[in-house]
Amino acid sequence: RIRYIETGEIAFFYSEDKLTFLVTKQQNKHAIDYSLDGLQSQLDPFLFFRVNRKYLMNIHSIKVVDPFYKGKLRIEAFPASAEDIIVSSEKAKDFKKWLSQ
């Protein structure tokens, strides 16, 4: 089945077990045929940021960013993710710059 989902409805993408999923702001989850690398090159970099190897986030789905240990950051997203979304210390500076754009 093919569905059309507006970019503005996408909360985040994530990879799990060699599959990529799209999660909407309404908390619907869809398996998609793209890798996070492929998506990253197609999406607006002002709206989407690759926070780690597993997650590609929409700026509008980020509720809270908390300091984590050793310079890392923890993201609280809406809708909530099943696991903690952590920004590595290497990406933290670029992530903060992206948030403040």
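From its DSSP helices (H runs of at least four residues, each -39,500 (n - 2.57)), the chain gives a residue-normalised ellipticity at 222 nm of -5000 deg cm²/dmol.
Please list log₁₀ I(q)/I(0) at q = 0.26, 0.28 Å⁻¹ for the stretch 24-98, using the Debye equation with identical point scatterers on the alpha-carbon positions. Debye output, listed in q order: -1.46, -1.57.
Counting only protein heavy atoms and a 1.4 Å probe, tell me what percentage of the chain's accessible area is made up of carbon and sulfur. Reported share for carbon and sulfur atoms: 50 percent. Give me the net charge of Gln42's neighbourhood, meaning all other residues with Cβ under 13 Å from the Cβ of Gln42; Lys, Arg count +1, Asp, Glu -1. After counting each charged neighbour, the total is -2.
On a per residue basis, the chain carries 67 Å² of accessible surface, using protein heavy atoms and a 1.4 Å probe.
In loop segments of the stretch 1-78 as defined by DSSP, the trypsin sites (Lys or Arg not before Pro) with at most 12 further C-beta atoms inside 10 Å of their C-beta are Arg1, Arg3, Lys18, Arg53. Considering only alpha-carbon pairs that sit under 8 angstrom and 6 or more positions apart, the relative contact order computed for the chain is 21 percent. Summary: within the chain, the longest segment free of GluC sites (Glu not before Pro) located in DSSP loops with at most 16 other C-beta atoms within 10 Å is 7-82. The lysine pair tally for the chain, using Cα distances under 17 Å and a gap of 8 or more places or different chains, is 16. Annotation for the stretch 1-93: chymotrypsin sites (Phe, Trp or Tyr not before Pro) lying in DSSP loop with at most 16 further Cβ atoms inside 10 Å of their Cβ are Tyr4, Tyr34, Phe46, Phe68. For the chain, the dipole from Cβ point charges (+1 on Lys and Arg, -1 on Asp and Glu) about the Cα centre works out to 220 debye, to the nearest 20.
The values are calculated or read from the model by the stated rules, or taken from the named source; none is laboratory data. Only a predicted model underlies this, so the values are computations on that prediction, with no experimental measurement involved. FYI the Cβ positions are ideal-geometry reconstructions off the backbone, even for glycines, and counts take in every protein chain you see. Remember, those area values only see protein heavy atoms, side chains included, never the ligands or the DNA or RNA. Shrake-Rupley method; radii C 1.70, N 1.55, O 1.52, S 1.80 Å.
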